[in-house]
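See structure below.
The values are calculated or read from the model by the stated rules, or taken from the named source; none is laboratory data. Computed from a prediction, not measured in an experiment: that's the story for all the values here. Cβ: placed from backbone, ideal geometry, glycine included. Neighbour counts: every protein chain shown. Please note that ligands, DNA and RNA were not included when accessible areas were found on the heavy atoms of the full protein model with its side chains. Shrake-Rupley method; radii C 1.70, N 1.55, O 1.52, S 1.80 Å.
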Amino acid sequence: MPTKTIIEPFRIKSVEPIRRTTAEERLQLIEEAGYNLFAVPADAILVDLLTDSGTGAMSTAQWAALMRGDESYAGSPSFTRFRESVQAIFGFRHVIPTHQGRAAERILFSVMCKRGDVVPNNTHFDTTRANCEFVGAEAVDLPVPEAAEPARVLPFKGNMDVGRLERLIERTGRERVPLVMLTVTNNSGGGQPVSMENIRAVKAVCQRYEIPLYLDACRYAENAYFIKMREPGYADRSPREIAQEMFSHADGCTMSAKKDGLANIGGFLCTNDDSLARQEENLLILTEGFPTYGGLAGRDLEAIAVGLNEALEEDYLNYRIASTAYLGDHIARSGVPIVQPPGGHAIYIDARSFLPHVPPEQFPGVALAVELYVAGGIRSCEIGTLMLGKHAKMDLVRLAIPRRTYTQSHIDYVVEIILEVLARRQQIGGLELAYEAPFLRHFTARFRPLVARTV
Ligand SMILES: *Cc1c(COP(=O)(O)O)cnc(C)c1O
């Protein structure tokens, strides 16, 4: 009998103190940071939900594996173990290690794309889009229409619109579409999963036009678990079997091991194409390193080899998905507008409806993120007018949950702070830009508050 209470499927062996600050201190720190949370020192953060990338806790098995790391320049047995672990799940013929996901993207697009090409994706992640555009190709997002309705509860809002994909290929011409990508789960689209049915349908279109399909596989294990929970016919299959089937429909993938690799650094690029693999390895040697380490230490390869398997454990995935939903359901039940249903790795608050009196040009997402920091030392990330400029359709505040890092009481504390801020949201004002960089401005922007905040 499954119990009602889902416990963290681990106990804690090593603890990392977090530092308490007062609201007065935080108000001063955020002023000094120009109201940009990227500029606040991490040791002045109480609960850090800026990202789930590379911020997870490793297991005892991973720490033990680190000591097996063989740091030979060429032919390290750590690489053999890494490759075997990747191939057992992902199934691709060639496995090319990289220092993180974006390096895999850069190599993939450099080899496969040229100026004028078009790359469709359900939704490009920001580094994926940037690397695609850097080689002169156009990155086109084709999410299903429901993805734009935050309040709508549907099982697979990460799906690609297959009809639009076909029309895009017809209009562009097959020779200008070198690959199609599917991001599982759809990070920029609210961490929403892609169904197996959608992967199969996209693959069928790709096959008809002889275009390779690549998965942006960062959260492949979370996606596999959503398929198990939500898609008819998969309830009795293990997450590993489901992941294997997902990859069986693809010709290759890019991966950031900082997500479902449960490691602090690393990534890889896979392909079944021998000739592409050779070109990719040559580029790898140019900037990342020899193909048996690719910018990683042997010990990193060992940690990833173990982490990829731990990410597929059912107890872990059940806890992971339930704990993210726990935060989302608790705040939503009390009236906080969130992107529904809760995603795998993060909860996204709809800041435009949270702060209806703050217009988009006064950065409601930034205003809410700043307030969560001052009120409770919580760091989140704006995904809206600051990050996306004119292209922002929504102003979201993302609360990303690091893997195996915080306990339920930390999350209860986050819920309490969010509800406290909700109760006095009328007093929260917008901000104006004081400085912005010409690109990727969200990392370094500085602001002035339009309403003075006192403690
Ligand atoms: C994080 C991420 C990447 C890039 O990986 P890095 O390791 O940060 O370079 C690419 N795609 C998606 C969907 C991601 O979440």
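Of note:
- Here the condition is being out of contact with any Cys (no Cβ under 7 Å at 6 or more places or on another chain), over 23 Å from P449 (Cβ atoms), without any contact (Cβ under 8 Å) to a residue 12 or more places away in the chain and not in a strand (DSSP E or B); of A332, A325, it holds for A332 alone.
- Residue among R167, R106 that alone is within 15 Å of the ligand (Cβ to nearest atom), at pLDDT 95 or above and among the basic types (K, R): R106
- Test for E280: is it surrounded by fewer than 21 Cβ atoms within 10 Å (Cβ to Cβ) and modelled with pLDDT of 95 or more: no
- Residues satisfying the stated conditions in segment 114-123, i.e. in contact with a helix residue (DSSP H, G or I) (Cβ under 7 Å, 6 or more places away or on another chain) and assigned to a loop (DSSP other than H, G, I, E, B): G116, D117
- Extreme residue, surrounded by the fewest Cβ atoms within 10 Å (Cβ to Cβ), among residues of segment 125-147 that are under 20 Å from M394 (Cβ atoms), more than 14 Å from the ligand (Cβ to nearest atom) and not hydrophobic (A, V, I, L, M, F, W, C): P145
- Residue in segment 96-115 that is aromatic (F, W, Y) and under 16 Å from P212 (Cβ atoms) present: yes
- The listed residue being under 14 Å from A311 (Cα atoms) and part of a helix (DSSP H, G or I), out of S85, S78: S85
- Residue within segment 178-188 that is within 16 Å of the ligand (Cβ to nearest atom), outside any loop (DSSP other than H, G, I, E, B) and over 22 Å from Y234 (Cβ atoms) present: yes
For (1) touching a Lys or Arg at 6+ places or on another chain (Cβ under 9 Å); (2) small (G, A, S); (3) buried (at least 24 other Cβ atoms within 10 Å of the Cβ); (4) in contact (Cβ under 8 Å) with a residue 40 or more places away in the chain, each residue gets a yes or a no:
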position	(1), (2), (3), (4)
A346	yes, yes, yes, yes
A351	no, yes, yes, yes
A375	yes, yes, no, yes
M394	yes, no, no, yes
I411	no, no, no, yes
I418	no, no, yes, yes
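- When residues in segment 88-109 are screened for being open to solvent by 20 Å² or more (accessible area, probe 1.4 Å) and either assigned to a loop (DSSP other than H, G, I, E, B) or touching a helix residue (DSSP H, G or I) at 6+ places or on another chain (Cβ under 6 Å) (or both), 7 of them pass.
- Unmet requirement for N318, which otherwise passes all of (1) out of contact with any strand residue (DSSP E or B) (no Cβ under 6 Å at 6 or more places or on another chain); (2) open to solvent by less than 40 Å² (accessible area, probe 1.4 Å); (3) within 30 Å of T5 (Cα to Cα): (2)
- Those residues of segment 35-86 which are β-branched (V, I, T) and either within 16 Å of the ligand (Cβ to nearest atom) or touching a Ser or Thr at 6+ places or on another chain (Cβ under 7 Å) (or both), in sequence order: T51, T55, V86
- Only residues that are more than 12 Å from the ligand (Cβ to nearest atom) and in contact with a helix residue (DSSP H, G or I) (Cβ under 6 Å, 6 or more places away or on another chain) were counted across segment 189-198, and they come to 2.
To keep it simple, each residue is scored yes or no on (1) in contact with an Asp or Glu (Cβ under 9 Å, 6 or more places away or on another chain); (2) assigned by TED's automatic domain parsing to the domain that holds A351; (3) open to solvent by less than 10 Å² (accessible area, probe 1.4 Å).
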| position | (1), (2), (3) |
| --- | --- |
| L154 | yes, no, no |
| G158 | no, no, yes |
| E166 | no, no, no |
| G173 | no, no, no |
| V180 | no, no, yes |
| C206 | yes, no, yes |
| Y214 | yes, no, yes |
| R219 | yes, no, yes |
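- Tally of residues being open to solvent by less than 10 Å² (accessible area, probe 1.4 Å), hydroxyl-bearing (S, T, Y) and either more than 10 Å from the ligand (Cβ to nearest atom) or part of a loop (DSSP other than H, G, I, E, B) (or both) across segment 235-271: 1
- Counted residues, segment 360-373 - those being surrounded by fewer than 22 Cβ atoms within 10 Å (Cβ to Cβ) and in contact with a Lys or Arg (Cβ under 9 Å, 6 or more places away or on another chain): 1
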